[in-house]
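Everything below concerns the one structure shown next.
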Amino acid sequence: MDEETRVRLEKMLDDIKALLSAGDSAGLADYAGQQHPADLAEAYSLLSDEDKRSLIRLLPSELAADIVEELDTEDQTELVTEIGTAKASGIIGAMESDDATDLLSELDEEQTEDILKKMGREEAQEFKELLSYEDDSSGGIMGTEYVALTPNMKVDYALDFIRRTGREAQTLNDIYVVDADERLVGVLSLRDIVVANPMLKVSEIMHRKVVKVGVGSDQEEAAQLFKKYGFSALPVVDEHDKLTGIITADDILHVVDEEATEDIQKMAGTLSSDETYMSTRTTKHWFNRVIWLAILFLADLSSGFIMKGFEESLEAVVSLTFFIPLLIGCGGNAGSQSSAIMIRSLALKEVHLKDGLKVIWKETRIGLLLGLVTGLAGIVLSFLIPHAGVNWLHMGITIGISMLFTVMIGSVAGAGLPIIAMHLNLDPAVIAGPLITTIVDALGLIIYFSTARMIIGL
Amino acid sequence: MPLEQRNLPRNGDALSLVRNFLDNPSYRAYKELASGALPADIAEALKSLSEEECRRLLTLLPSELTADIFQELDIPLQVELFGVLGIEKTADIVSEMDSDDAADLLLELNKDEAESILSNMEEDAEAVKDLLKYEEDSSGGIMASEYVALNENWDVTRAFDELRVICPDSDKAYYVYVVDDERHLKGVLSLRDLVMANTTDKIADIMSSNVMSVKVDSDQEEAAYIFKKYGFLSLPVVDDENRLTGIISSNDIIHVLEDETTEDIHKMSATLPLEDTYLASGIVELWSKRVVWLLALFITGAFTSSIMRSNEAILGQFVTLIFFVPMLIDEGGNAGSQASAIIIRALALREFDLSDYLKVIWKETKVSLMLGISIGLMGFAAASIMPSEQLLWSQSGTIVGLSTLLVVLFGSVIGSLLPLAAHLVGFDPAVLSGPVVTTIVDSAGLLIYFYIAKSVLGI
């Protein structure tokens, strides 16, 4: 936090505390109305528990809703429990529908039921519908605050209609047009309406080509459409093409972040979680990591068995062991590199399944180039580390060749396995660094000992 | 076409509409193309056309639509088409493009080419030229100059009159910004506020003066952070004197987030960030981005060889010990990769700040200890069961179990500490991750392992 923000925040905190202790609810409402909700939420988080509750109680529902929207889910659910369902239902009703739905889905079923009962029938029905969509579907992230015109409205009437109904809308940049069955038939911007001849009909100035997304589709599909077309909002329709909600670009920012976090966590061999670091309990952190560590442990034992198979060679030439950690380390690093690059390219849809052979051919050549460099370095190193019981040239060649092939295999497997995983409809992000390292360990050791047997003649 | 059959635009449709138009470039075919396919769809269809077809299409279509199509193409393809279309036609197109996209293209061309395009542009050359001077990954580098600014002294009627004049050029006006006579940023209005206001209201009275902005030379990540925190659709960019110079829209930020993540993922896997996509990067380029770190890690990794060498005697006597080395150092490295990835991501998303450092370190220490004990127990079990002629089951179990515990503990703690420390001194934490941590853990792990083995075996 920079100095300027800190000073502003402290000032805000003092102001709020003063108003709270005076119990001046009108003054509070006036003050809060002038601040940005995200700043208010930050100040709110610094208040004592008691002040928090009285602030929320004193503020009108709309302003309280602005603050609650910005809080973490954990703080939100805690707050709802404290202030009771009556006050909570007013606040939740005033929140943007997508945020409100997220919150409702985090509460106990009983609490949700209670809150919905205290709302109007229509509003409760709408929330029930929103709650029925999967968390990570387009329906799960959409909001319902949009303005829909009908094709036969005159432009001047439409403008008046927007004036009357648009106050709650998330965006007026895109205004949708629906027919008598609420089916989406067109889109136009507020600008289109403002600059149009007032006597024209909406159907005459609307764009009929509307890009939309199905309510049950994955949120990633919505994100792809945003990236491709550069919209500020995207309409969501049900199976009958009925307009049911909109997704705005700022919702997608969170989707993009979430998906990236999930990938990064998987790539590092941990179960992914959508909670923040600080709000995740220690035991949960442990659990998310220990699962993969245990699986990799078992897989890693394979390298022990492989070496056991070559026990005689090892006993004859103990110096062979000197280069094992380096060899498998290098192969693993090369594999981590290519798998990370490939997983990211697949996620961004820069590489497709049909490119599989092209990728493997490319990685073979890159792996060869990388292997030549590390192989040479390996030969040099073997000359520098004195070792008894084996001809130095033989040792050098053994190290060089096995380094070359291990790095090559690491590169190819690192890029190829995520693509194969995608073929099999598995998540490519799982086949990253840690798993590749384990696979390369086993293959590298087999190559190493086979080469040693051939060259050194064990 | 009946309404229910009008589905999402498919690229096949766009391509056939394009081909129709090329076969018979009538007004009717143009209308069908323009109303049946969005610019982004036509852009994608373009990739299936020959160079000559592209040239014909882009010359035949009105330059406004051409510009919309052009800015949806990948930059390398834009550069290629520039070669096909020539300077004059390209200048026409560029002057119709959104200023931020136009600037991105000009940056990719060489100086002379960019100069001659700018001098051939009929309008907006100045605006685009201004954008060229900002760093590519600064807020100035991603902003556009198509903002809508109203003077605080106007009334709503005047504002609407002005809007009718400015608006058609501006795709990105989600909010209207309010400035004074010297262009200082004073406030913000949504079009919604404006539509709902009385015609005689003064702009200064209906605007919100609590307006968030970023400085033109701030990092684009700063802008991304504000977007995420406040959920805006656009954000004004100001110069040092708080004068409005451009806007960033939220869909620009989608690309910023993706680019930053890609950069982090590449760094986290010991690769210098790629500039192009994987398929567009040449073999030598990919090689050079990877070989640097691979060699650096080789050199640090070479310590393992000398550690092994100095324990030659004990290895010769108890060959069994080597069997557990790969598992041991891998698990230490894995625990380190996990911790570093989690911390690096949390730092990137600003989930905690400096004041939380001690809490994070304490949490990581506890998690690491728990992980060490869990995997250590597995190590003990595995090594006790594995038959060995040289070691008692209790000896190998103790050696492997205890060292696994310590190595996993060490790896996990180092994995979380390194990125935290890097962040503290202003380094990029993403560089200190998986492979770097793994290499450190390799050496340290071997030292721990042999030390414990010697103690247990009494050598």
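The values are calculated or read from the model by the stated rules, or taken from the named source; none is laboratory data. This is a predicted model, so every value here is computed, not measured. Because the Cβ atoms are built from the backbone with ideal geometry, glycine has one as well, and the counts that use them run over all protein chains shown. Calculation scope for accessible area: heavy atoms of the full protein, side chains included, ligands and nucleic acids excluded. Shrake-Rupley method; radii C 1.70, N 1.55, O 1.52, S 1.80 Å.
If a residue has to be within 14 Å of A:ILE306 (Cα to Cα) and free of Cβ contacts under 8 Å to residues at least 40 places away in the same chain to count, how many in the range A:420-458 make the cut?
Selection size over the range A:420-458: 1.
List the residue pairs whose Cβ atoms are under 9 Å apart, where the first residue sits in the range B:295-315 and is at negative phi and assigned by TED's automatic domain parsing to the domain that holds B:GLY333, the second is open to solvent by 50 Å² or more (accessible area, probe 1.4 Å) and part of a helix (DSSP H, G or I), and the two are 6 or more positions apart or on different chains.
B:THR300/B:ILE440; B:ALA302/A:LEU384; B:SER305/A:LEU384; B:SER306/A:LEU384; B:ILE307/B:LEU447; B:ASN311/B:LYS454; B:ILE314/B:LYS454
Here are some conditions: (1) under 20 Å from B:PHE298 (Cβ atoms); (2) more than 7 Å from every other protein chain (Cβ to nearest Cβ); (3) surrounded by 24 or more Cβ atoms within 10 Å (Cβ to Cβ). A:ILE379 meets all but one. Which one does it not meet?
Exception for A:ILE379: condition (3).
Which one of these does A:MET408 not meet: (1) modelled with pLDDT under 85; (2) under 15 Å from A:SER338 (Cα atoms)?
Status for A:MET408: all satisfied but (1).
Does A:GLY23 count as assigned by TED's automatic domain parsing to the domain that holds A:GLU62 and within 28 Å of B:ASP205 (Cβ to Cβ)? Explain how you work it out, then say what you get.
Values: assigned by TED's automatic domain parsing to the domain that holds A:GLU62: yes; within 28 Å of B:ASP205 (Cβ to Cβ): no.
No: the conditions fail for A:GLY23.
How do the helices (runs of 4 or more DSSP H) wholly within the range B:293-358 filter down when requiring 2 or more residues that are within 30 Å of A:LYS284 (Cβ to Cβ) and open to solvent by 20 Å² or more (accessible area, probe 1.4 Å): which remain? Quick ask: steps written out before the conclusion?
Working: elements: B:303-310, B:312-317, B:320-323, B:325-348.
Fully inside the range B:293-358 and qualifying: B:325-348.
Can you name the helices (runs of 4 or more DSSP H) wholly within the range B:1-102 that have at least 2 residues being open to solvent by 30 Å² or more (accessible area, probe 1.4 Å), modelled with pLDDT of 80 or more and among the polar types (S, T, N, Q)?
Working: elements: B:11-23, B:27-36, B:39-46, B:51-60, B:63-70, B:75-85, B:87-96.
The helices (runs of 4 or more DSSP H) meeting that bar are B:11-23.
Being at pLDDT below 85, under 14 Å from B:VAL94 (Cβ atoms), basic (Lys, Arg) and under 32 Å from the mean Cα position of the chain (by Cα) is true for just one of B:LYS133, B:LYS129. Which residue is that?
Details: B:LYS133 fails: under 14 Å from B:VAL94 (Cβ atoms).
Answer to the selection: B:LYS129.
Would you mind stating whether A:LEU370 is at pLDDT below 85 and either closer than 22 Å to A:LEU445 by Cβ or facing chain B (nearest Cβ under 9 Å) (or both)?
No: the conditions fail for A:LEU370.
If you go through the range A:289-324 one residue at a time, how many are surrounded by fewer than 20 Cβ atoms within 10 Å (Cβ to Cβ) and among the polar types (S, T, N, Q)?
The number of residues fulfilling the criteria is 2.
Out of B:SER443, B:SER396, B:SER455, I need the residue that is at the interface with another protein chain (Cβ under 10 Å from one of its Cβ atoms) and assigned to a helix (DSSP H, G or I). Which one? Don't jump to the end; show me each part of the working.
Working: B:SER396 fails: at the interface with another protein chain (Cβ under 10 Å from one of its Cβ atoms); B:SER455 fails: at the interface with another protein chain (Cβ under 10 Å from one of its Cβ atoms).
Criteria check complete, one pass: B:SER443.
Looking only at residues that are within 9 Å of another protein chain (Cβ to nearest Cβ) and touching a residue at least 12 places away in the same chain (Cβ under 8 Å) in the range A:221-237, which one is most open to solvent (accessible area, probe 1.4 Å)? Walk me through how you get there before you give the answer.
Filtering the range A:221-237 down to residues within 9 Å of another protein chain (Cβ to nearest Cβ) leaves A:223, A:225-233.
Filter once more, keeping what is touching a residue at least 12 places away in the same chain (Cβ under 8 Å): A:223, A:225-226, A:229, A:231-233.
Values: A:ALA223: 8, A:LEU225: 25, A:PHE226: 1, A:TYR229: 26, A:PHE231: 47, A:SER232: 6, A:ALA233: 5 Å².
Checking each candidate, the answer is A:PHE231.
Could you grab me the full set of residues in the range A:238-260 that are open to solvent by 10 Å² or more (accessible area, probe 1.4 Å) and closer than 30 Å to A:PRO428 by Cα?
A:ASP250, A:ASP251, A:HIS254, A:VAL256, A:ASP257, A:GLU258, A:GLU259
In this structure, does B:VAL211 turn out to be touching a residue at least 12 places away in the same chain (Cβ under 8 Å), buried (at least 18 other Cβ atoms within 10 Å of the Cβ), out of contact with any Gly (no Cβ under 6 Å at 6 or more places or on another chain) and under 25 Å from B:VAL176 (Cα atoms)? Talk me through it step by step, then tell me what you get.
Working: touching a residue at least 12 places away in the same chain (Cβ under 8 Å): yes; buried (at least 18 other Cβ atoms within 10 Å of the Cβ): yes; out of contact with any Gly (no Cβ under 6 Å at 6 or more places or on another chain): no; under 25 Å from B:VAL176 (Cα atoms): yes.
Here the answer is no, as B:VAL211 does not meet what is asked.
Among the residues of the range B:418-436, which ones are open to solvent by less than 20 Å² (accessible area, probe 1.4 Å), within 14 Å of another protein chain (Cβ to nearest Cβ) and at pLDDT 85 or above?
B:PRO419, B:LEU420 - these are the residues of the range B:418-436 that are open to solvent by less than 20 Å² (accessible area, probe 1.4 Å), within 14 Å of another protein chain (Cβ to nearest Cβ) and at pLDDT 85 or above.
Can you find even one residue in the range A:319-332 that is farther than 22 Å from B:ILE342 by Cβ, facing chain B (nearest Cβ under 7 Å) and at pLDDT below 80?
no
Could you tell me which residue of the range B:190-203 is least open to solvent (accessible area, probe 1.4 Å), considering only residues that are at pLDDT 85 or above and not polar (S, T, N, Q)?
Looking only at the range B:190-203, we keep the residues that are at pLDDT 85 or above, and these are B:200-203.
Applying the additional criterion that residues be not polar (S, T, N, Q) yields B:201-203.
Values: B:ASP201: 45, B:LYS202: 84, B:ILE203: 0 Å².
Looking at residues that are at pLDDT 85 or above and not polar (S, T, N, Q), I get B:ILE203.
For B:ARG350, state whether it is under 34 Å from the mean Cα position of the chain (by Cα), more than 9 Å from every other protein chain (Cβ to nearest Cβ), over 29 Å from A:LEU314 (Cβ atoms) and of a type outside the set (Gly, Ala, Ser).
Working: under 34 Å from the mean Cα position of the chain (by Cα): yes; more than 9 Å from every other protein chain (Cβ to nearest Cβ): yes; over 29 Å from A:LEU314 (Cβ atoms): yes; of a type outside the set (Gly, Ala, Ser): yes.
Taking the combined requirement at face value, the residue satisfies it.
So which residues in the range B:229-243 are within 11 Å of another protein chain (Cβ to nearest Cβ), touching a residue at least 12 places away in the same chain (Cβ under 8 Å) and not hydrophobic (A, V, I, L, M, F, W, C)?
B:TYR230, B:SER234
Inspect all residues belonging to the range A:65-78 and state whether any of them is within 14 Å of another protein chain (Cβ to nearest Cβ), surrounded by fewer than 20 Cβ atoms within 10 Å (Cβ to Cβ) and touching a residue at least 40 places away in the same chain (Cβ under 8 Å).
Yes, because at least one residue in the range A:65-78 is within 14 Å of another protein chain (Cβ to nearest Cβ), surrounded by fewer than 20 Cβ atoms within 10 Å (Cβ to Cβ) and touching a residue at least 40 places away in the same chain (Cβ under 8 Å).
The rows are residues; the columns are (1) more than 23 Å from the chain's Cα centre (by Cα); (2) of a type in the set (Val, Ile, Thr).
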residue: A:ILE399; (1), (2): yes, yes
residue: A:ALA413; (1), (2): yes, no
residue: A:GLY416; (1), (2): yes, no
residue: A:ILE419; (1), (2): no, yes
residue: A:ASN425; (1), (2): no, no
residue: A:VAL430; (1), (2): no, yes
residue: A:ILE439; (1), (2): yes, yes
residue: A:ALA442; (1), (2): yes, no
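What single numbered condition from (1) open to solvent by less than 10 Å² (accessible area, probe 1.4 Å); (2) in contact (Cβ under 8 Å) with a residue 12 or more places away in the chain fails to hold for A:ASP274?
If we test A:ASP274 against (1) open to solvent by less than 10 Å² (accessible area, probe 1.4 Å); (2) in contact (Cβ under 8 Å) with a residue 12 or more places away in the chain, just (1) comes out false.
Residues checked against (1) open to solvent by 10 Å² or more (accessible area, probe 1.4 Å); (2) in contact (Cβ under 8 Å) with a residue 24 or more places away in the chain; (3) more than 30 Å from A:TYR146 (Cβ to Cβ):
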| residue | (1), (2), (3) |
| --- | --- |
| B:LEU132 | yes, yes, yes |
| B:SER145 | yes, yes, no |
| B:VAL178 | no, yes, no |
| B:ASP205 | yes, no, no |
| B:VAL216 | yes, yes, yes |
| B:GLU221 | yes, yes, yes |
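If you check every pair at least six apart or on different chains, which have Cβ atoms under 6 Å apart with a residue in the range A:341-357 that is within 7 Å of chain B (Cβ to nearest Cβ) first and a residue that is part of a loop (DSSP other than H, G, I, E, B) and open to solvent by 30 Å² or more (accessible area, probe 1.4 Å) second?
Listed pairs, sorted by first residue: A:GLU350/B:THR277.
Let me confirm something: among B:ASP264, B:ASP276, which residue is touching a residue at least 40 places away in the same chain (Cβ under 8 Å), assigned to a helix (DSSP H, G or I), open to solvent by 10 Å² or more (accessible area, probe 1.4 Å) and more than 7 Å from every other protein chain (Cβ to nearest Cβ)?
Details: B:ASP276 fails: assigned to a helix (DSSP H, G or I).
Every option except B:ASP264 fails the conditions.
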